[in-house]
Amino acid sequence: MDFQLNEEQEMLRKMVRDFALNDVEPTAAERDEEERFDRGIFDKMAELGLTGIPWPEAYGGIGADFVSYVIAVEELSRVCASTGVTLSAHLSLASWPIYKYGNEEQKKTFLYRLATGEALGAYALSEPGSGSDAGSMKTVAQKDGDAYILNGNKVWTTNGGVADIYIVFALTDPDAGNKGISAFIVEKGMDGFTTGKKEKKLGIRSSPTTELIFDNCRVPKENLLGEEGQGFKIAMSTLDGGRNGIAAQAVGIAQGALDAASDYAKEREQFGKPIAANQGISFKLADMATDIEASRLLTYQAAWLESEGKSYGKASAMSKLFAGDAAMRTTTEAVQVFGGYGYTKDYPVERYMRDAKITQIYEGTNEIQRLVIGRMLTK
Ligand code: CAA
Ligand code: FAD
């Protein structure tokens, strides 16, 4: 076994860390407060090649591996979890299914635009009545000549409104249950496609989350992704990798909180000595660091499995489950280390704590991760 990152992965980490500190962190608190998405940050990620990390150069990517991808999401999330999920949803939820299931034409057009960062991606599975039970969706896609007519509403779409390319799931055969679901590539500006309500959220506030409305939206048949009826498998297999992106986001949030808490514990004095000199505080830091290291190992392992072409669905569900819970524990303790100051917006730890919560909820709640892992263990 080799636990060492290779030279390329180390270089990528350094590049993303520098970018995160110079271009992302300075406005993170302000963007959170103002619930403001900054397309300029995504454009800079594109210039650095981050928007196409794992895809071949022929499709506009930089041909790196999935470990490099999770390192990038981790380093971004270490300073701004919203920026981390912008990239994670773009790469693993919008671009991956085109890379995996798209035909050559779709890869050359849509994947290329996503990989180069000319276009931003999003993934629309959830509906008002269909969250954990993703197969019970109601949105329909009726064949009409050389097109499909989409009708229905999606909710909670990350990058909603600001994205250019959406992977949308809809029923082409409503009587066939999850075997009647198909996947479509929908572009911003198509007739009958609009963005609805933007959610006001607890955390990841500079990542827009919106409703999507399809009102007789005409999607050319060339935009069907994969085969008719293959949509649920496309959705589920996409989430296999996406969940590991969220694990990486959780690792980054937790690491950012630990960085802040350990610095503060060394500086803040009470009873004539730094609070870090109390075992009650240093044990917290030790538990946080151990949680983070375990989360990171699970996350890198799942990414490595994907890069090696091995099965990684169970590993990803485990990494998301563990890292999401660990991020919640870590960020809550980080606020505790800061005492009253941690409860204010003068320090970033309250933001980390608010941001951590989502990692236990989206891309399948942590109850659903247990269901996925349990089914794999017992099938
Ligand atoms: N890969 C390929 N196929 C899969 C699969 C996978 N990982 N998981 C299931 N399938 C297939 C099954 O093999 C089965 O096919 P067959 O009938 O041919 O065998 C079919 O899909 C149905 O599977 P299940 O019976 O397991 O389906 P289910 O209805 O019981 O649901 C579930 C399973 C795991 C609970 C699923 O509904 C699920 O993952 N729910 C959570 C939804 C979710 O994660 N949403 C995330 C939205 S995106 C998001 O949140 C983005 C963001 O934050 C940024
Ligand atoms: P529900 O499914 O109603 O669950 C409610 C509670 O019941 C949860 O605690 C759940 O764990 C529990 N529960 C449900 N079923 C079971 C069961 N069988 N066993 C045990 N417990 C169960 N979706 C997208 O498609 N694209 C996106 O880009 C996207 N981004 C998101 C961004 C944000 C900020 C948020 C909040 C959500 C996003 N989602 C997105 C949706 C997200 O994936 C869902 O919120 C999530 O899957 C849970 O669905 P739900 O909210 O309907 O909760």
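The values are calculated or read from the model by the stated rules, or taken from the named source; none is laboratory data. Quick caveat, the model's predicted, so the values are computed rather than measured. Quick reminder, even Gly has a Cβ in these numbers, built from the backbone with ideal geometry, and neighbours come from all protein chains shown. Ligands, DNA and RNA are excluded from the accessible area calculation, which covers all protein heavy atoms including side chains. Shrake-Rupley method; radii C 1.70, N 1.55, O 1.52, S 1.80 Å.
3J(HN,Hα) along region 5-10, derived from phi through the Karplus expression 6.51 cos²θ - 1.76 cosθ + 1.60 where θ = phi - 60°, amounts to 6, 7, 4, 5, 5, 5 Hz, with x in place of Gly and Pro. Cross-link partners among lysines for K154, C-alpha distance below 18 Å, same-chain residues fewer than 8 apart left out? Of all the lysines, those that pass the test against K154 - Cα under 18 Å, at least 8 places apart if same chain - are K138, K188, K197, K198, K200, K201. Which one, G280, G192, G60, has the greatest fluctuation when you compute a Gaussian network model over the chain with C-alpha springs under 10 angstrom? Checking each option, the largest mean-square fluctuation is seen for G280. Once the 1.4 Å probe is applied to the protein heavy atoms, region 122-182 comes out at 39 Å² accessible per residue. Values of log10 I(q)/I(0) for region 1-151 across q = 0.16 Å⁻¹ run -0.95, by the Debye formula with one identical scatterer at each alpha carbon and no solvent. Comparing G340, G364, G229, which has the greatest mean-square fluctuation in the GNM of the chain with Cα pairs linked when under 10 Å apart? Looking only at G340, G364, G229, the biggest GNM fluctuation is shown by G340.
Model label points for L371 and A277, set 7 angstrom from Cα along the Cα-to-Cβ axis, are 5.3 nm apart. In this view, the solvent-accessible surface of R36, computed with a 1.4 Å probe and all protein chains in place, comes to about 80 Å².
Modelled label positions at D259 and K188, each set 7 Å beyond Cα in the direction of Cβ, lie 2.9 nm from each other. Sequence-distant contacts, meaning Cα pairs under 8 Å at least 6 residues apart, place the relative contact order of region 230-354 at 36 percent.
Normalised Debye scattering of region 258-379 at q = 0.12 Å⁻¹ gives log10 I(q)/I(0) of -0.53, counting only Cα atoms as equal scatterers and leaving out solvent. Work out, in µm²/s and without decimals, the Stokes-Einstein translational diffusion coefficient of region 227-327 at 37 °C, 0.692 mPa s, Rh from Kirkwood over C-alpha pairs. After rounding, the answer is 216 µm²/s. Paramagnetic label reach from A58 (point 7 Å along Cα→Cβ; backbone nitrogen cut-off under 14 Å): within region 309-351, no residues. Spin-label model, E105 to E308: label points 7 Å out along the Cα-to-beta-carbon direction sit 3.9 nm apart. Listed peptides 164-172, 86-94 appear in the order 86-94, 164-172 once ranked by packing, highest mean of other Cβ atoms within 10 Å at the front.
What size of dipole, in debye to the nearest 20, comes out for the chain about its Cα centre when the only charges are +1 on Lys and Arg C-beta atoms and -1 on Asp and Glu C-beta atoms?
Approximately 840 debye in magnitude.
For Y148, the residues whose amide H sits under 5 Å from its own are V219, K221, ignoring neighbours fewer than 5 places away on the same chain, with H placed 1.01 Å from N. For the chain, the carbon plus sulfur part of the accessible surface works out to 52%, probe radius 1.4 Å.
Cα-Cα pairs above 17 Å in region 158-269: how many percent? Distances greater than 17 Å cover 68 percent of the Cα pairs.
In region 208-276, the inverse of the mean reciprocal separation of distinct Cα atoms equals 17.2 Å; this is its Kirkwood hydrodynamic radius. Taking every alpha-carbon pair under 8 Å whose residues sit at least 6 apart, the chain reaches a relative contact order of 16 percent.
So which of K100/K143; K233/K320; K108/K310 end up more than 29 Å apart by C-alpha? Beyond 29 Å between Cα atoms: no listed pair. For trypsin sites (Lys or Arg not before Pro), the sites in region 125-169 that DSSP calls loop and that have at most 15 other Cβ atoms within 10 Å are K138.
Heavy-atom accessible area for F338, with the other protein chains in place and a 1.4 Å probe, reaches approximately 10 Å². Indicate the gyration tensor shape class of region 119-186 (rounded, prolate or oblate), computed on the Cα atoms with a ≥ b ≥ c the square roots of the eigenvalues: a/c under 1.5 is rounded; otherwise a/b larger than b/c is prolate and the rest oblate. In terms of gyration-tensor shape, oblate. A straight chain from T378 to D346 at 0.36 nm per residue would run longer than the Cα-Cα distance by 6.7 nm. Bridges between two residues of the chain, per DSSP, are antiparallel at a rate of about 85%. Each listed q (0.06, 0.11, 0.13, 0.14 Å⁻¹) maps to a log10 I(q)/I(0) for the chain, found by the Debye formula over equal Cα scatterers with no solvent: -0.22, -0.73, -1.01, -1.16. Largest GNM mean-square fluctuation across E74, E367, E350, computed for the chain with C-alpha springs under 10 Å, falls on E367.
Computed over region 90-205, relative contact order equals 22 percent, with contacts defined as Cα pairs under 8 Å that lie 6+ residues apart.
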